[in-house]
Amino acid sequence: MRYSQMLIPTTRENPAEAEVVSHRLLLRGGFIRKLTSGLYTFLPLGLLTLQKVAAIVREEMNRAGAQELLMPMVQPADLWQESGRWQKYGAELLRFRDRHQRDYCLGPTHEEVITDLARRELRSYRQLPVNLYQIQTKFRDEIRPRFGLMRCREFVMKDAYSFDVSDEAASKSYEVMRDAYHRIFRRCGLDFRAVEADTGTIGGSFSHEFMVLADTGEDTLVICSHCDYAANVEKARVALPEDGMAQEEMAPMARVATPGMKKVERVAGFLGTTPDRVIKTMLYLADGEPVAALVRGDREVQSVKLKNLLGATEVEPMPDDEIWQRTKLPAGYMGPVNIGIRLVADQEVMRMVNAVAGANEKGHHLTGVNPGRDFQPDLTGDLRQITTDDPCPECGGSLTLTEGIEVGHIFKLGTGYSEAMKATFQDRDGTEKHFVMGCYGIGVSRVVAAAIEQNHDEHGIIFPLPLAPFQVIVLNLGVNSEATSRAAEQIYHDLQAAGLDVLYDDRDERPGAKFKDADLIGIPFRVTVGRTWEKEGKIELRRRATGETVTMDYDGAVGRISAMIRDELAGQR
RNA sequence: CGGGGCGUAGCGCAGCCUGGUUAGCGCGCCUGCCUUGGGAGCAGGAGGUCGGAGGUUCGAAUCCUCUCGCCCCGACCA
């Protein structure tokens, strides 16, 4: 491709709207342009990059035995009513009516459509297992789209769905996908981890997220430094030490005045104790109902864990100004004793002895509070956020926290959808059985953003070779010299003939501008035909990633370069 | 939706507080000359209903009201 004929609107200055690196560089490099919040046009360079990712995904999915199909983006409401998600999915599901006043939605995901297809077309166990996937635009009416391609409303996703005869078979399908995902992200040149994850609105019993490690990630992961345990903090199990029981006589409960002492630290300091001897009471709304969650004073509630423990679909902290109004409890002085609303306690709280807790009376706390004796929670379990002070739940090793970008998520769905939608097949013994399903997503457009988050410097993007829109850029630094231009053109043609993706910068620009643009758009290899060619008959090859530059004879250069690129690609496969 | 910030030329910004000529600057764009190894220089030029509506005023980018949009922090997720 000739640079002069391609729309690559690079900018020198940073766009005001972009804060994170990938967003900034995608805009500056002329990969994307914003239409409106959360909606982006992929410009030619952006589309090429997206297609590179899609090609890798497609290749590995096919290799794993999955079949590609394409489902409609517009989906009828009745399918969603059947699965129950028309009510459950919430405002993220964009709904609308057609001219006949029939309800539809734009597909945020395709469990309903695929399950409908399966129940019509898959009749016999002989047809199973089946794994069907598509690469398609999804629409989710996100509360807050942000960070460019990282979190859009419209985005490109690969979604796959597996159908199996049994749970064991489904587990096998799941493992096949897990392996495929590892290959995909490895081939994309990304530093990633597969972590245990929460299942969210998709539902299901078991899932892993694939996280690209990057500071701008929206998720936090815990990673064990000794074994291969890794988990999303939303999910990470907190191990309860065997010998955590305090050896202390239970004291009688006493009411003390603690005027103005709302924060745990202040109460503890005032009463001459430490936050780990205080029971912290946090109020939440679980599906609209008030719930009190108890954790030790030096811990934080993990609301996803709370949600799962309660079996709720939505949990949010109760706004301060609603606490009194809804519960008649004084914010800052709440405690578990005679609280009068649903009570959930972290496992650790149940071991506390002679704790301090709010008295449910303004300006007062209780001392000598003992769980089991003075209050009995409705539920107990693992409720708190894990910290780096906690041991690894698998091996007891030490944990570190890292930010991550979720680029893939795989779920074991079980029979939830097939039961709701009566999707069955006839098994070997003649009985009708529900399909055991799995679903597997990859944010194809997000992979592009994640790759940039992980691979850039102050000059611009440094694309991993497999994702780069072009593998080589040829700079003609002598567009006004016929001889130089002829040499550059020849190299351009020969590299193309060797099967490489080549961008040929034939613009009438000064060298500086060409170097800057080449760096900005992140093409892995740069060939320069200019002064050194004119003087010594040599050309220059420079690697974007390392800055390493070699000069080589013009003759034979194309062979050397294409061999180098092929070797590198083969090595990553 | 709650909290914070911003809308002035294609992009980045100044001007607004304290109303008053023809609304500026840098980059980019067009023409010519010149230049060609890290975003050159000179000369000339095009480009704006100051997000929109209403109001105050002799007079509004500037003050007031409403409204729309965008960005950032939280819940959501590939």
Return the pairs, sorted by first residue and then second, in which the second residue is near RNA strand B (Cβ under 7 Å from one of its atoms) and open to solvent by 20 Å² or more (accessible area, probe 1.4 Å), the first residue lies in the stretch A:509-530 and is closer than 25 Å to A:P464 by Cβ, the beta carbons are less than 6 Å apart, and the residues are 6+ apart or on different chains. A:D517/A:T10; A:D519/A:H459; A:L520/A:T10; A:R526/A:R542; A:T528/A:E540
Of all residues in the stretch A:382-429 being of a type in the set (K, R) and more than 16 Å from RNA strand B (Cβ to nearest atom), which is farthest from A:R296 (Cα to Cα)? A:R428
Only one of A:G408, A:G396 is assigned to a loop (DSSP other than H, G, I, E, B), under 23 Å from A:D198 (Cα atoms) and touching a residue at least 12 places away in the same chain (Cβ under 8 Å); which? A:G396
Condition broken by A:T313, with the remaining ones in (1) part of a helix (DSSP H, G or I); (2) open to solvent by 40 Å² or more (accessible area, probe 1.4 Å) satisfied: (1)
Do you know which residues across the stretch A:145-189 are more than 12 Å from RNA strand B (Cβ to nearest atom) and closer than 18 Å to A:P464 by Cα? A:H182, A:R183, A:R186, A:R187, A:C188, A:G189
Count - residues of the stretch A:507-540 that are within 23 Å of A:L7 (Cβ to Cβ), open to solvent by less than 30 Å² (accessible area, probe 1.4 Å) and not aliphatic (A, V, I, L, M): 7
Among residues of the stretch A:476-487, those that are open to solvent by 40 Å² or more (accessible area, probe 1.4 Å) and touching a residue at least 60 places away in the same chain (Cβ under 8 Å), counted: 0
Whichever residue in the stretch A:38-78 is in a loop (DSSP other than H, G, I, E, B) and either open to solvent by less than 10 Å² (accessible area, probe 1.4 Å) or among the hydrophobic types (A, V, I, L, M, F, W, C) (or both) and, among such residues, is nearest to A:R153 (Cα to Cα): A:G38
Among the residues of the stretch A:13-42 satisfying the criterion of being hydrophobic (A, V, I, L, M, F, W, C) and either closer than 17 Å to A:F470 by Cα or in contact with a Leu (Cβ under 6 Å, 6 or more places away or on another chain) (or both), which is nearest to RNA strand B (Cβ to nearest atom)? A:A18
Scope the stretch A:79-129; condition open to solvent by less than 30 Å² (accessible area, probe 1.4 Å), acidic (D, E) and under 18 Å from A:G441 (Cβ atoms); matching residues: A:E111, A:E112
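Of A:Q490, A:Q572, which residue is modelled with pLDDT of 95 or more and open to solvent by 30 Å² or more (accessible area, probe 1.4 Å)?
Details: A:Q572 fails: modelled with pLDDT of 95 or more.
The match here is A:Q490.
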Counted residues, the stretch A:1-37 - those being part of a helix (DSSP H, G or I) and either open to solvent by less than 50 Å² (accessible area, probe 1.4 Å) or of a type in the set (S, T, Y) (or both): 9
Any idea which residue in the stretch A:376-398 is nearest to A:D219 (Cα to Cα), counting only those that are crowded, with 21+ Cβ neighbours inside 10 Å and either of a type in the set (F, W, Y) or in contact with an Asp or Glu (Cβ under 6 Å, 6 or more places away or on another chain) (or both)? A:R384
Just one listed residue, out of A:E60, A:E92, is acidic (D, E) and more than 14 Å from RNA strand B (Cβ to nearest atom), and it is A:E60
Looking at the stretch A:510-573, what helices (runs of 4 or more DSSP H) fall wholly within it and have at least 2 residues that are within 13 Å of RNA strand B (Cβ to nearest atom) and of a type outside the set (A, V, I, L, M)? A:511-521, A:531-536
A:E289 within 29 Å of A:D320 (Cα to Cα) and open to solvent by 50 Å² or more (accessible area, probe 1.4 Å): yes
Of (1) assigned to a strand (DSSP E or B); (2) open to solvent by 30 Å² or more (accessible area, probe 1.4 Å); (3) at pLDDT 95 or above, A:K422 satisfies every one except (1)
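From the list A:I473, A:I452, which one is buried (at least 24 other Cβ atoms within 10 Å of the Cβ) and out of contact with any Ser or Thr (no Cβ under 9 Å at 6 or more places or on another chain)?
Step by step, each of A:I473, A:I452 is checked, and only A:I473 is buried (at least 24 other Cβ atoms within 10 Å of the Cβ) and out of contact with any Ser or Thr (no Cβ under 9 Å at 6 or more places or on another chain).
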How many residues does the stretch A:541-561 hold that are open to solvent by less than 70 Å² (accessible area, probe 1.4 Å) and in contact with a strand residue (DSSP E or B) (Cβ under 8 Å, 6 or more places away or on another chain)? 9
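The values are calculated or read from the model by the stated rules, or taken from the named source; none is laboratory data. Everything numeric here is computed off the predicted structure, so don't read it as measured data. Ideal geometry is used to build each Cβ from the backbone, glycine not excepted, and the neighbour counts take in all protein chains shown. Remember, those area values only see protein heavy atoms, side chains included, never the ligands or the DNA or RNA. Shrake-Rupley method; radii C 1.70, N 1.55, O 1.52, S 1.80 Å.
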